[in-house]
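What follows is a set of notes on a single structure, which appears directly below.
The values are calculated or read from the model by the stated rules, or taken from the named source; none is laboratory data. None of the values given here were measured: they were computed from a predicted structure. Counting neighbours? That spans all protein chains shown, and the Cβs are built from the backbone with ideal geometry, glycine included. Areas reflect the complete protein model, heavy atoms only, side chains present, ligands, DNA and RNA absent. Shrake-Rupley method; radii C 1.70, N 1.55, O 1.52, S 1.80 Å.
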Amino acid sequence: MSTVRSPDHRSEQHGSHRSVRSSHSAGLRHVLTHLITPLLMCIGMGLAYLGAFANPAPHHLPVAVVGSGRSAQLLAQSINDKADGDLEVRTVADRAAAVDGLKHQEIFGAYVIHAQGATKASATGTTKASAKGAEKASAKAVKEGAGGGGAGAGGTAAASAKAAPELLVATAGSDTSASVVQKVFTPVAAQQGAPLKVTDVAPTAEDDPTGQGIFFLLVAISIGSYASVAVIGGAGAVLPVRLRAALAIGTSFVVGLIGAAFAGPVFHLVDHGLRGLWGMAWLYSAGILLIGTGLHTFLKRWTTLGVMALFVMLNFTSSGGIFRPEMQNGFFAALHSFWNGAGFVEGTRSHVYFDDYGLSGHVWTLGWWLVAGLLMIGAAALAEKRRRTAEAEAAANAVAVAAAAVAATVPEPEPTRKRGSRTVRSSAGGTGPEGGAGGADADVAAAAAAAAAAEANVEMEMEEAVGV
């Protein structure tokens, strides 16, 4: 026997299906809206990293040829002409001046010519060197690593050792720049028929042979800092701005200690100057945390994208930790001159490897970013104060409107009059308890609306706390 469904039952089913479809549609729109943030992150990271690192090439990379004679000037001019703007070749008087330029990071390579000394040494060694003197000269050449050979007479070996050209580099300044300079001058040495001797006048720490450990330390400190912004700005949104700022300062103190621990006792990236490194790590982290905490007032759930753009996309790529600005295009090279990541990386290099040369400028860079963070916190405090004032005025207006509506629904009682022995009270509305029902309903509705608004705010802040 078939079951016959009533029209009312079918309409209820259709209504239920429509409700489910509407719920799914709303949920899909919610997910798609929130997918905008990771997709923008993908685009931004691709543009920043590939734009900065995909095709590194020297742009006016300063190098030097050591010598004051005409041969040094001709060699420098010849390399300049062939480089076509990639290099900026100058001449320096002697080896000591070249070392000084490398340690001040004014140049990133210096080619020392020994051609004249080689000629004199060859002549002297051929005519006057004894067998014993030849052995001493050969041993000295091997000990100094000058590339002196064992072929032929001892005088010839000494002359060859002295004739070997030398390239001075400072890998602590940039290992990639030192490699580029070596590729430039190796063919030049080959034209002289001698192997190129490479001398590192500012080597990195033993456990950080490439010198890029400082860059990855920057990455760790940055992530610890901007990830904390989501927590302080989102979960701590109910706290006063001054308390959030205090939390940011305290968090940066801890992040700096973690960075110093990584650089020193954990991975031995540096072998001295750990206190100075911690101070710069604290300055760097505090600037990020204060700026991010202040930005949260204005950007809300877009804060994570904002701090990633500032302190990852533009920051890591312009820091000089992988490629110095001379190896990048003009945009990232310009950012290197004032961005906070460059201040930390170059400040740490200066403090640890270059006897604090130029350190004050890098510390000032970090200090100005800290000042920017304090200004951002001040702007956030003013904005939140104005917002609270506006919300209080809106709430007061809503209460006044609700009171007026309640008053309109409760009529004025008519005056009493005596009719015989009875007192009659006329009223167009209900009695006191009935007339007060409208006011009670309005109060309940207002309370429900306030609870719904509070729940929506809590949900939004939780989304922000996880960086959605």
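Quick look at the values:
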quantity	calculated
Residue within region 382-389 that is assigned to a helix (DSSP H, G or I), within 30 Å of THR176 (Cβ to Cβ) and among the polar types (S, T, N, Q) present	no
Selection count, region 55-77, where residues are within 29 Å of the chain's Cα centre (by Cα) and either assigned to a strand (DSSP E or B) or in contact (Cβ under 8 Å) with a residue 40 or more places away in the chain (or both)	7
Residues of region 38-64 classified as open to solvent by less than 30 Å² (accessible area, probe 1.4 Å) and either touching a Lys or Arg at 6+ places or on another chain (Cβ under 9 Å) or closer than 11 Å to LEU305 by Cβ (or both), total	5
For SER360: the one exception among (1) polar (S, T, N, Q); (2) exposed (fewer than 13 other Cβ atoms within 10 Å of the Cβ); (3) in contact with a Leu (Cβ under 7 Å, 6 or more places away or on another chain)	(3)
Hey, SER71 modelled with pLDDT under 90 and under 18 Å from PHE185 (Cα atoms) or not	yes
Answer residue from region 161-201, given it is within 20 Å of SER319 (Cα to Cα) and not β-branched (Val, Ile, Thr) and is surrounded by the fewest Cβ atoms within 10 Å (Cβ to Cβ) among those	SER179
Filter pass, LEU366 being touching a residue at least 40 places away in the same chain (Cβ under 8 Å), closer than 24 Å to LEU290 by Cβ and open to solvent by 60 Å² or more (accessible area, probe 1.4 Å)	no
Residue match in region 378-393 (condition: touching a residue at least 40 places away in the same chain (Cβ under 8 Å) and acidic (Asp, Glu))	yes
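Results for (1) over 30 Å from LEU102 (Cβ atoms); (2) among the hydrophobic types (A, V, I, L, M, F, W, C); (3) surrounded by 19 or more Cβ atoms within 10 Å (Cβ to Cβ), shown as yes or no for each residue.
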{"residue": "GLY264", "(1), (2), (3)": "no, no, no"}
{"residue": "GLY321", "(1), (2), (3)": "no, no, yes"}
{"residue": "MET327", "(1), (2), (3)": "no, yes, yes"}
{"residue": "PHE331", "(1), (2), (3)": "no, yes, no"}
{"residue": "LEU335", "(1), (2), (3)": "no, yes, yes"}
{"residue": "PHE338", "(1), (2), (3)": "no, yes, no"}
{"residue": "PHE344", "(1), (2), (3)": "no, yes, yes"}
{"residue": "TYR353", "(1), (2), (3)": "no, no, yes"}
